[in-house]
Amino acid sequence: MSKHSTEHSCLLATFGHEDDLLDATKAARRQGYSIVDIFTPYAVHGLDRAMGLRPSRLTWVCFICGMTGALGMLFFEYWIGALAWAIDVGGKPWNSLPSTVPVAFEAAVFLAAFGSVFALFAVARLFPGKEAYPLIERVTDDHFVLVLDEVDARFDVSQVERLLQPFNLLGLEERVIATGGSR
Amino acid sequence: MTPATLISPQTSRRLAVLYTVSVIVLAVGAAMEPLRIWSNLLLLGFYLVTVGLGGALFIALTYVCGASWSVGFRRIPEALAVLLAPAAIGLGIILAVGREHYAWHAHGHGDAGTFWFKELWADTSFWLIRAVIYFAVWILLSRALVAVSRSQDQSGSVRLSHFNKRLSAFFLVIYAITFSLASFDWLMLLEPMWFSTIWGVYNFAGMVQATLATMIIAGILLRRRGPLQGVFSDDHLHDLGKLLLGFSCFWMYIWFSQYMLIWYTNMPEETSYFIPRAEGAWAPLMVANLVLNWIVPFLVLLPRPCKRSESVMMKVAVVVLVGRWLDLYLMIFPSTVGSPPALGIWEVAGMGLLVGALGWLFIRSFTRAEPIPSGDPLLAESLHYHC
């Protein structure tokens, strides 16, 4: 998958069933074809493994955001309660940890949740007003599209067709598309 | 299937030795320090009963949700649910024999301002009758769930699944009420003048945590030993790990909810529970409780590879089970035995008896039925499960 927006000459293979798509993906990878992306109407289980995607780094973003929220808020509350504006509450010490935990917990959840969602938006380059570009209209309904990269001169469409035919291939189409940030 | 196919004669002998030695040590201790031995037995009985009840709860929850993922290894929680009956009888005897160790039953409340309903509720004979009712209802309903599931092995009828689904919904409602009351009756009443309305939820959280940990260990061992080979997959382990992670956080959340409100309002009638537990040698134990039940499972179970690793999951499950023991220890011992914390040969023997009894009862229950619910229509889905 390329990081930067570039024009690719691609081959779009369409399937009608997720099992066919999964098998075709595995077969294409076994043959060494480079998969640009796969478009499905819904999340297909096991597709990430079949495509050979790396484990998501989003969990780390989530963890770090959560820790930042918790520690940041603990410090902030300590700063208010003990340093900047100390108020005696029921005779308790100013830097009482139990009273700061609930808000620190909320801040951790808040930052982890929003951090993950916005990190996802940023990586996927999703922003308000972004134009939809369905490669094939029915990919939002009942079709599954496997996009292969026509890397070099050796790429032979008829060979690919022979490979994918056993998996109830519905259609094969060559197209030039921009692939930047389209994961 | 016989127990011999599950455990080698060597392991069987070791369990038997552990069991016998623990019983002898506890019997000797009963003559020397009866209160301390009784406290150990109460802990042990409550531990076993909640693990058994947790098995029934897990089955009921998965039926009600229509969950298919857990069907393949459902015989594990079913074996725990079967173990509930002997454990309940044991705990029943412990409660009846030791009712004098509850200050309330020994010499009343000694306070003129006590709410009249509390006097009625905590009356010794009513308290004992209630225990019998709880046990009878739990055993009856969990046995019925297991019996229907086992009879499906032959018939494979979908109607049995539907029947169990309805029975499960009924069980869940009954369970929620009775378990909450039972934890009030048996543990909170050790300190009759103290009260906490979150006590039932707190015990529920610990119970589910310990049950999940037991199921994880059982699943891994049964996969290694054969009966669940190719059935209990890494995906199942992964999902149990997610549940354990979730319930560890839930336990911490509830523990802290109870602690913080009492700490904040700082009223003598409420702080009487935490003050002795935060003093002297109890304080490090209270911290250890949080470390074992939350910090360790939380940090270790966060990464995905850990939840799919047999050895990591095994260790975390053991940590959580020790944590559960410590949690109950901190509920019971400061109220009965008192300061300083009593940790010695009697407690070690109590733990030995717990491991021996749990292992022996589980193997006995598990080998009574087919290892896989072969007649369940959702079995195929469970075997092909990917998480």
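The values are calculated or read from the model by the stated rules, or taken from the named source; none is laboratory data. Note that the structure is a prediction, hence the values are computed from the model and not measured. All Cβ positions, glycine included, derive from the backbone under ideal geometry; neighbour counts span all protein chains shown. Keep in mind that these areas ignore ligands, DNA and RNA; they rest on the heavy atoms of the full protein, side chains included. Shrake-Rupley method; radii C 1.70, N 1.55, O 1.52, S 1.80 Å.
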Given (1) within 22 Å of the chain's Cα centre (by Cα); (2) free of Cβ contacts under 8 Å to residues at least 60 places away in the same chain; (3) under 30 Å from B:ILE76 (Cβ atoms); (4) within 14 Å of another protein chain (Cβ to nearest Cβ), B:PHE247 misses just (4)
Please verify whether A:LEU111 is touching a residue at least 12 places away in the same chain (Cβ under 8 Å) and within 27 Å of A:ARG30 (Cβ to Cβ), treating the condition exactly as stated.
no
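Among the helices (runs of 4 or more DSSP H) contained in segment B:180-296, which hold 1 or more residues that are more than 27 Å from B:SER365 (Cβ to Cβ) and among the aliphatic types (A, V, I, L, M)? Quick ask: steps written out before the conclusion?
Details: elements: B:199-225, B:234-265, B:268-271, B:274-277, B:282-290.
Per the criteria, B:199-225, B:234-265, B:274-277, B:282-290.
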Looking at segment B:59-74, is at least one residue in contact with a Gly (Cβ under 8 Å, 6 or more places away or on another chain) and of a type outside the set (Asp, Glu)?
yes
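Tell me, which residue of segment B:297-346 that is within 14 Å of another protein chain (Cβ to nearest Cβ) and assigned to a loop (DSSP other than H, G, I, E, B) is farthest from B:VAL49 (Cα to Cα)?
B:PRO303
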All positions within segment B:250-269 that are more than 14 Å from every other protein chain (Cβ to nearest Cβ) and either surrounded by fewer than 19 Cβ atoms within 10 Å (Cβ to Cβ) or in contact with a strand residue (DSSP E or B) (Cβ under 9 Å, 6 or more places away or on another chain) (or both)
B:GLU269
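Here is a list: A:THR68, A:THR59. Which entry is among the polar types (S, T, N, Q) and either away from chain B (no Cβ under 14 Å) or within 30 Å of A:LEU12 (Cβ to Cβ) (or both)?
Result of the check over A:THR68, A:THR59: A:THR68.
Only one of B:ALA60, B:ALA88 is open to solvent by less than 10 Å² (accessible area, probe 1.4 Å) and without any contact (Cβ under 8 Å) to a residue 60 or more places away in the chain; which? Walk me through how you get there before you give the answer.
Numbers: B:ALA60 fails: without any contact (Cβ under 8 Å) to a residue 60 or more places away in the chain.
Only one candidate qualifies: B:ALA88.
Residues of segment A:84-121 being over 23 Å from A:GLY72 (Cα atoms) and open to solvent by less than 70 Å² (accessible area, probe 1.4 Å), which ones? Walk me through how you get there before you give the answer.
Looking only at segment A:84-121, we keep the residues that are over 23 Å from A:GLY72 (Cα atoms), and these are A:90-91, A:121.
If the condition is that a residue be over 23 Å from A:GLY72 (Cα atoms) and open to solvent by less than 70 Å² (accessible area, probe 1.4 Å), then A:GLY90, A:GLY91 are the ones that fit.
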Pairs with Cβ under 8 Å, 6+ apart, first in segment B:24-52 and within 12 Å of B:GLY98 (Cβ to Cβ), second of a type outside the set (A, V, I, L, M) and outside any helix (DSSP H, G or I):
B:TRP38/B:GLY98; B:LEU41/B:GLY98; B:LEU42/B:GLY98
